[in-house]
Amino acid sequence: MDVSDKKSLNRIRTTILLVTILSLIAAVFVKKERIDERKLLNGLSGEGVRFLEKQGHPPHYPSNTDVVAFNSYDIVPSVRGYGGPIKTLIAIDSKGIIRGIRIVEHRETKNYVHYMLTPEYLRQFVGKSVKDPLEVDRDIDGISRATISVRALTKTVRLSSRRVARELFGIKTSPTERASLFELKPLAYLVLFLLALSMYYLTRKKKELLRYRKGFLVLSLLVVGVYISTPFSVLHPLNLLCGNYSTSLMWIVVVGSTLLALILAGRLYCGWLCPFGAMLELLDNLRVKKWKVDPKADSRLRLIKYLLLILLIPLVVVSKKPDYATFEPYLTLFSLHGNLLMWALVLLMVVLNLRVRRFWCRYLCPVAALLGILSRHEDGYPSAPSCPMGNPGKPHISECIRCNICYGSRSSDSE
């Protein structure tokens with residue numbers, strides 16, 4: 001079996017579809033690990049406060065004092081972060097002062113929100129009044145690479161605590177929410193996507209425009225990787241399979257544009273927008289001598305990314321733990337956070353890339369596998385010696401990143 005064989009790719013597609021269906025069925029019968037909120041209430045509001053059983057409307061835990069506790073998800077389930085709701089236990093007193101806060105459950109990518117999860121960060125909510133604005137970068141510190149998650153946490157604390165204070169203690173709070181009509185990062189991503197799509201179509205007609213491709217890759221690296229720091233990840237579709245989604249504009253733009261690109265131009269995201277792929281391709285300018293990879297071995301090695309995707313789907317969907325998929329090196333690199341093993345993986349991918357073009361994209365990337373099997377066939381991509389993916393002659397469309405370097409040519413040679 002190899003990726004140049006159409007029948008092999010069809011078998012992979014069928015396998016992934018069956019694995020996905022079976023995983024979703026299995027997930028229905030697997031009991032979700034129940035979180036004991038009662039245990040998490042211990043110490044939430046200091047010494048001497050003992051919480052009773054959950055009761056009332058809105059649902060809350062009364063105590064032997066004037067403090068009550070509640071799960072924000074019971075109050076405002078519609079507030080979502082980048083990976084779904086951030087379920088938070090909050091304690092407030094009869095004066096509307098927040099006495100304690102503890103995150104119960106979330107599906108945010110830990111690489112980005114590691115600081116938000118610490119007691120040190122959460123303590124800044126304690127002592128605040130429900131009448132305070134509770135706005136990010138005003139009352140609550142922002143985290144540059146976790147803006148969506150921080151805003152969601154702050155919003156769920158603000159809305160849920162105000163409702164509980166209003167309905168249980170009669171405290172009047174402002175019912176209005178200041179909506180942000182202008183978000184720069186989603187707009188920047190959308191503009192870059194439209195530019196990428198335009199470049200894709202233009203370079204199919206005017207080959208001379210390909211000389212600007214390296215400049216566009218630099219732009220993608222800086223905008224998507226450094227500035228926005230929100231590349232498309234296999235976590236996006238896996239979270240959706242787990243029933244987790246976001247209502248943030250950034251999530252909608254990233255997922256929506258990748259889906260649209262897939263329909264119109266296959267793996268356009270890989271070839272024009274992925275910041276990690278852009279970085280790896282730009283590193284080819286160092287002109288380190290490449291290894292000669294045997295064509296048969298190369299074709300078989302490319303299957304690894306599909307096997308990884310097949311393994312990830314049941315692992316994540318059945319366990320409902322997307323963290324199993326956080327090994328993608330760009331999550332570590334662009335969040336600037338990861339353990340020693342993950343940073344070692346980033347370094348290894350960079351070093352191997354110097355010897356084999358786009359090593360990660362070629363052999364290991366689950367996003368490449370997913371977008372590849374969903375790409376529709378299109379003629380006109382015979383490959384060329386300068387192919388960034390090192391594709392052989394007449395490659396299967398699943399391996400083509402639509403850079404348009406070979407589009408319309410008759411070349412069938414690779415490295």
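The values are calculated or read from the model by the stated rules, or taken from the named source; none is laboratory data. Not measured: the values here are computed from a predicted model. Here the Cβ is made from the backbone with ideal geometry for all residues, glycine too, and neighbour counts use every protein chain on show.
What to note about this one:
- Total residues in region 193-231 satisfying the condition of being within 20 Å of Tyr112 (Cβ to Cβ) and among the aliphatic types (A, V, I, L, M): the figure is 6.
- Wholly within region 141-243, helices (runs of 4 or more DSSP H) carrying at least 1 residues that are among the polar types (S, T, N, Q), assigned by TED's automatic domain parsing to the domain that holds Gly380 and in contact with a helix residue (DSSP H, G or I) (Cβ under 8 Å, 6 or more places away or on another chain): 184-205, 213-220, 235-241
- Residue within region 105-122 that is more than 25 Å from Lys320 (Cβ to Cβ), among the β-branched types (Val, Ile, Thr) and touching a Gly at 6+ places or on another chain (Cβ under 9 Å) present: no
- Selection status of Gly338, under 30 Å from Glu105 (Cβ atoms) and outside any helix (DSSP H, G or I): yes
- Among the residues of region 339-356, the ones that are modelled with pLDDT under 95 and in contact with a Gly (Cβ under 8 Å, 6 or more places away or on another chain) come to 0 in all.
- Ala384 being under 29 Å from Ala146 (Cα atoms) and among the small types (Gly, Ala, Ser): no
- Residue within region 359-366 that is among the aliphatic types (A, V, I, L, M), in contact (Cβ under 8 Å) with a residue 40 or more places away in the chain and in a helix (DSSP H, G or I) present: no
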